[in-house]
Structure formats: structure tokens, C-alpha cells
Amino acid sequence: MAEVKVKVQPPDADPVEIENRIIELCHQFPHGITDQVIQNEMPHIEAQQRAVAINRLLSMGQLDLLRSNTGLLYRIKETQNAGKMKGSDNQEKLVYQIIEDAGNKGIWSRDIRYKSNLPLTEINKILKNLESKKLIKAVKSVAASKKKVYMLYNLQPDRSVTGGAWYSDQDFESEFVEVLNQQCFKFLQTKAETARESKQNPMIQRNSSFASSHEVWKYICELGISKVELSMEDIETILNTLIYDGKVEMTIIAAKEGTVGSVDGHMKLYRAVNPILPPTGLVRAPCGLCPVFDDCHEGGEISPSNCIYMTEWLEF
């Protein structure tokens, strides 16, 4: 009599245990895991059981769904963000994750479409929905006036997007920059004149004529001529234009840790100078000292063809 072999089916695994194991794997691989990784770690689990567990974790907001060159990735969601996308479908979570990864520089809808492989109509619908929930916001970029980038609602846009203090509603504030230029130079001139009037020896007079960028920044802030908050980096940009104009010189000295205005144990000092010889035309080329040089390109809001400074230089 032939022996009858009976195939023994493995008992169904507890769904909670499957979910816990997937969470453990995500902690082991914080950059994300593929379905193949899950399958290799749990070979006895049927594909349907894995799919049920993953979908449940996604719906509870415990996992993020990402798309990479190798396929879909599942990544553990940070605790502070776990409740934000509760109730959203997987496509909405994918778009949100792409925008979150872009940080405060934002991302164009075209790039969202490329990374998500979703139709443009579906992306526009998702973007409007996320905006209505105040999870994301659209910000106009100075690099392209007719395009918007998307970023998380609570982020402060990067300077490369807004143009920093030199822009207002995407318009370059040339008059504001000129006023700052004049006032910074006036402050350094006054300090130099005060040093000369002190009648000290030449070395002391010279040292007294220097001012740190923090001192110049404090002076500008106290004047109240700026409607936006200026940083020391903004003031140093203006001071650099004065250096290129030959009106100011800079030196760097060692400074104690914690000294106001010092960075990494160094401090920048500036003083007004009188040029011995007028600078040549080439040295005065506006491109070398332009604070928005990186945003200047043909066809843009700022370009060589409509630059008033370039026109003045060529006439000179």
C-alpha cells in the first residue's frame, strides 16, 4: 500500500507579531527596507499577510512609503510626524514624504511628478488637499517668478528661494542695498575720523579705526532703516561690496571663544580707507561685487541685458 504524504501547512502567524517584526526591521535599517528584505527575514509569511501588515502600519501612520530606483521603500516614521498623515491614502503620504525630504529649499511640482510617477492632475489634487490641511505651503522662488516650490508648512524658506533681505515680493531692492552700503561706509568713516582726532600714535589710531561686523550690524539695527531682520552675514555681504569698491579693507584676528562677533575663534575687522589710485574700469566691473550674482542669468528677473549697473559700467 502506497504511503500517503500529507503537506503540513504552517500555522497562521499573529498579525501583531508580523507588524512588530516589520517595525524592528525598519529600526535596524533606518534608511528604509524593501519588500524583499521583509520576505527574506520572514520567509514563512505569505505575501498576502505581509501586504495586510504593511498596509495597516501605513494607515496608522507608523511607516513612510518612499520610491527609489530599486522600487518601494518602507521607512519608520518619526514620532513627531506620526499623526500628521493619519487617514491619508498612500499616494498622499508619498507626495508628503517627497516634499518633506526637500527641506526648506522646496520642490517643484514637476520634480514631485518625476519622483512619484503620479499623474499631474492627481498631484495637483493632492497638493491642494495638503495645503488646505496646512501641512505644506507654496512659496514663490526668486529663481523663477512664475513657478512655486512646495515645502512643509512650518519651515522657513531658504535664502536661495526668497532671495533673503535683498528681495521684496521677488523684486530686488536696489535702493535698499544702496542705502545700507552708504550707512555702513558712513559708520566706518566716522570711526576712522574719531581715531584720527584722538591724537594717539599712528599704530593706536589705526587699530582704533577698525570695527567688527557685529558693531556695524548693531549700528544698522539701531538706525531702524530695515523693515526685515538683517543678519551679520547680510551686513558682511554689504561690507564685501565696499571692499571691492576700494573703500574698505578687512583684517582677521584671533578672538577668544565666546567673544561677540567671533566665529571659530576668529573675528573680521573692517575700516574705511582712502584709495591711493582710482581703480581701473575692469576692477570696477559690477559682476564681481554683485550680491545677487548667483541669481543672474539671461531671461531671468536679473540678467546682464537689463542690469543698470552693467549699463553704467559700459558707459564709463
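The values are calculated or read from the model by the stated rules, or taken from the named source; none is laboratory data. For clarity, every value in this text was computed on a predicted model and none was experimentally measured. For neighbour counting, all protein chains shown are included, and Cβ atoms are generated from backbone atoms with ideal geometry for every residue, glycine included. Side chains included, ligands, DNA and RNA excluded: accessible areas come from the protein's heavy atoms. Shrake-Rupley method; radii C 1.70, N 1.55, O 1.52, S 1.80 Å.
For MET151, are the conditions met, namely being at pLDDT 85 or above and under 30 Å from TYR96 (Cβ atoms)? It is true that MET151 is at pLDDT 85 or above and under 30 Å from TYR96 (Cβ atoms). Taking GLN49 as the residue in question, decide whether it is polar (S, T, N, Q), modelled with pLDDT of 80 or more and either open to solvent by 80 Å² or more (accessible area, probe 1.4 Å) or in contact with a strand residue (DSSP E or B) (Cβ under 7 Å, 6 or more places away or on another chain) (or both). When the stated conditions are applied, GLN49 does not pass them.
Can you name the residue in region 88-112 that is open to solvent by 30 Å² or more (accessible area, probe 1.4 Å) and more than 21 Å from the chain's Cα centre (by Cα) and is also nearest to MET151 (Cα to Cα) among such residues? Among residues in region 88-112 that are open to solvent by 30 Å² or more (accessible area, probe 1.4 Å) and more than 21 Å from the chain's Cα centre (by Cα), the one nearest to MET151 (Cα to Cα) is GLN91.
Beta carbons closer than 7 Å, at least 6 apart along the sequence or on distinct chains, pair a first residue in region 96-122 that is in a helix (DSSP H, G or I) with a second that is among the acidic types (Asp, Glu) and open to solvent by 20 Å² or more (accessible area, probe 1.4 Å) for ASN104/ASP158; LYS105/ASP158. Considering region 213-235, the residues that are touching a strand residue (DSSP E or B) at 6+ places or on another chain (Cβ under 9 Å) and open to solvent by less than 40 Å² (accessible area, probe 1.4 Å) include one that is modelled with the highest pLDDT, namely VAL216.
Within region 237-285, count every residue that is over 25 Å from THR311 (Cβ atoms), modelled with pLDDT under 80 and polar (S, T, N, Q). Number satisfying all stated conditions: 3. Filtered by the rule that a residue be in contact with a helix residue (DSSP H, G or I) (Cβ under 8 Å, 6 or more places away or on another chain) and closer than 18 Å to VAL16 by Cα, region 36-46 gives ILE38, GLN39, GLU41, MET42, ILE45.
Within region 173-212, can you find the residues that are open to solvent by 80 Å² or more (accessible area, probe 1.4 Å) and of a type outside the set (Lys, Arg)? The answer is GLU175, GLU178, GLN182, GLU193, THR194, GLU197, GLN200, PRO202, MET203, ASN207.
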